[in-house]
Amino acid sequence: MNNIEIVRSLDRLRNESLYVHNEELPGATFCSDKLKGRKVYLVETLAVINALVDRGTMMLYGGHGGGKTTLAKYLGQIFCHLSKDKIEDCILRGHPQLTEEKILGSLDFAQITNNKPLNKYGKIDVVWNSFVDSRWKIIDEINRLSPYAQNILLSLLAEGSVKYQDESRIVPPFTLYATLNPKDNANVELSLPFKDRFALALPITMPDYDSFSTIGKRDKNSPIKLEEYLPNIDLSEVQKDVKSISYTPEADLFINFLITSYRLCMRASKESNDTLSVDKNLCENCRMKGEEKVCNKIKQPLSVRVKEDIYRYGKALAWFLGAPQVTTEHIMILAPYMIWHRTVLSKKFTLSLTEAWKDESSKKHVNDFITNIDLNGTRTLIKLIKKEFDGVKHLLTKFVGVKTGKLSQTEFDAFLVEVGSSTYNSLILHVEVLPVLRDKYLPVYGRIIEYNKKIDTCTDIDELKSMKEEMAFAYDIPNRQYLSAKIDIRLKAMKMRKSKFTLSKKSVTDNAKILSSIREFAPNFEELGLLKNHDYPIMDITKDECTLSVRFARDSYIFVYEGDENDEVFQYLSSHAC
């Protein structure tokens, strides 16, 4: 199953006028040649990538009748092969009187009435509701749930487990969508910790004027079987393919920079201070109060969960667009929809977003259409963070070199001076990087270099093992975990076996892990034959379980493998060799 087949199923939905939202995802384009020119629609794209990650969770916010629940049902029918009747069993309808029994399950009535024996532990069994075990879950109008009901769902969303009476249950892998309608008298405010359990949140507007021309003309009783759109899809296998997508080093750095920028403050820990706030006097006379800085615009920082989610969903977006790797551009496209509902912006900043409207002489208010004030504000902050990141990313790359011991002593000394320069007015550099360099790495960096040299040149297995034991108690070495892992890699490399295999093109394209690795350096290798007459290293034992290189020759691919015979890559190569 590939991204093209999924896009074709979405096109069928549009051709049948089953779904008509035409708003595009800003900045996103398909990389696959067959999909060039095909628009990347906002709503369907984010809804689909939520299904491409394990335990995906998404909130759809918008007006009554905007197609939120309908889209979630359609995708469930397509991806999980559920009939029109079966998809209804996956829906939990939100209302204030929803009880634990209506959400999770109830005690076995036959056992209660002595018409059935107790279980082997002498207890009454729990009969779990269909919603608990369903592969596809939809919570309709989630903002009608009471705080009590929200707490019941919290463990399901956070840990993938539920508990009723004395019985706990690990919930099977699922994809979950929750819909919210605009506020009315029956709505309940969702807490920030509860919203933080939803990786994606999308404000959905009503279809535009052109889209309305197709609404109402389709016979809703027509026998369209959506479960037959993708008869061969196995969602768990697709999710494995998605996990195999890798990150560019810059994209990896940018995610960390982004999350840290939301957290940092020179004066206080925002997450543990209720009385100190950017809406009060926290930023008074602070040199980081400038318009280009984001710290003074953020009241509530992000949780670690956001980093984990962006990392997972970044892979899903890249896979859906047909990209070989996740890039910084993918994070820029996706991050606003993964952050805006999980933080709190300062009142002053949110007010500033509409200030231009008050000035009739300004043309800005004509161009700045606001879908959601928090989403627009988040998008503005991410652009500011990206601008700062571009100015210091070369230093952050060098900092990675410090942690891996790749810089010489001279390079380290020069780097320390450069980071401390007043030229870079970066909060992350001055608060997070510089103190670590000065206090933790400077006193021991010479020893780190020596350890690296020993590991690289040592050929004695016992000596390496002894070095690893020594490293376990070298508490003053800040990167001892990395050095310990490097020793493991060195030990593994000394035990590797070298083998050569010839595979057909089909066998290569059928293996997601090998295919993704090749596409990192040759995105269009199938059409261009970029591997001809040259050995390309596509896997490295420093980040994979093996070392692997490939060469193209006469409609087949020659692989040179070094690693363990029990490794899955070796097993695949040996079983599919010509």
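The values are calculated or read from the model by the stated rules, or taken from the named source; none is laboratory data. Since we're looking at a predicted model, the values are computed, not measured. Reconstructed Cβ throughout: ideal geometry from the backbone, glycine too, with neighbour counts over all protein chains shown. For the accessible areas, the whole protein counts, side chains as well, though only heavy atoms, and no ligand, DNA or RNA atoms are used. Shrake-Rupley method; radii C 1.70, N 1.55, O 1.52, S 1.80 Å.
Kindly provide the set of residues from region 452-463 that are more than 37 Å from the chain's Cα centre (by Cα) and either free of Cβ contacts under 8 Å to residues at least 24 places away in the same chain or outside any loop (DSSP other than H, G, I, E, B) (or both), ordered by number.
Within region 452-463, Lys454, Thr457, Asp460, Ile461, Asp462, Glu463 qualify.
On the given criteria, is Lys364 at pLDDT below 65 and either open to solvent by 80 Å² or more (accessible area, probe 1.4 Å) or among the basic types (Lys, Arg) (or both)?
Yes; evaluated as a whole, the condition is true for this residue.
Look through Leu60, Leu35, Leu10 and report the one residue that is in contact with a Phe, Trp or Tyr (Cβ under 7 Å, 6 or more places away or on another chain) and either buried (at least 17 other Cβ atoms within 10 Å of the Cβ) or farther than 30 Å from Asp374 by Cα (or both).
Going through Leu60, Leu35, Leu10 in turn, the sole match is Leu60.
Can you tell me how many residues within region 311-332 are open to solvent by 20 Å² or more (accessible area, probe 1.4 Å) and in a helix (DSSP H, G or I)?
6
If a residue must be among the aliphatic types (A, V, I, L, M) and either buried (at least 17 other Cβ atoms within 10 Å of the Cβ) or touching a Leu at 6+ places or on another chain (Cβ under 6 Å) (or both), how many such residues does region 559-576 contain?
So the count comes out to 2.
Under the condition of being within 12 Å of the chain's Cα centre (by Cα) and among the aliphatic types (A, V, I, L, M), which residue from region 321-332 is farthest from Pro249 (Cα to Cα)?
Among those that are within 12 Å of the chain's Cα centre (by Cα) and among the aliphatic types (A, V, I, L, M), it is Ile331.
Could you pull out the residue among Leu82, Leu42 that is in contact (Cβ under 8 Å) with a residue 12 or more places away in the chain, on the phi < 0 side of the Ramachandran plot and in contact with a Cys (Cβ under 8 Å, 6 or more places away or on another chain)?
From the options Leu82, Leu42, the qualifying one is Leu82.
Please go through (1) closer than 20 Å to Glu432 by Cα; (2) polar (S, T, N, Q); (3) surrounded by 20 or more Cβ atoms within 10 Å (Cβ to Cβ) for Ser303 and return the number of the only condition it doesn't satisfy.
Condition not satisfied by Ser303: (3).
Can you tell me which residue in region 38-52 is farthest from Ala178 (Cα to Cα), limited to those that are part of a loop (DSSP other than H, G, I, E, B) and open to solvent by less than 10 Å² (accessible area, probe 1.4 Å)?
Only one residue fits best here, namely Val40.
Give me a count of the residues in region 163-192 that are under 23 Å from Leu52 (Cα atoms) and surrounded by 13 or more Cβ atoms within 10 Å (Cβ to Cβ).
Residues meeting the conditions: 8.
Could you tell me whether region 260-267 includes any residue that is closer than 16 Å to Ala323 by Cα and either open to solvent by 50 Å² or more (accessible area, probe 1.4 Å) or touching a His at 6+ places or on another chain (Cβ under 7 Å) (or both)?
no
Ser213 - would you say it is open to solvent by 10 Å² or more (accessible area, probe 1.4 Å), polar (S, T, N, Q) and at pLDDT below 85?
Yes, satisfied.
Quick check, is Thr343 surrounded by 17 or more Cβ atoms within 10 Å (Cβ to Cβ), out of contact with any Cys (no Cβ under 9 Å at 6 or more places or on another chain), among the polar types (S, T, N, Q) and modelled with pLDDT of 95 or more?
no
Glu24 fails exactly one of the following numbered conditions: (1) touching a residue at least 24 places away in the same chain (Cβ under 8 Å); (2) within 27 Å of Pro336 (Cβ to Cβ). What is the number of that condition?
All conditions pass for Glu24, except number (1).
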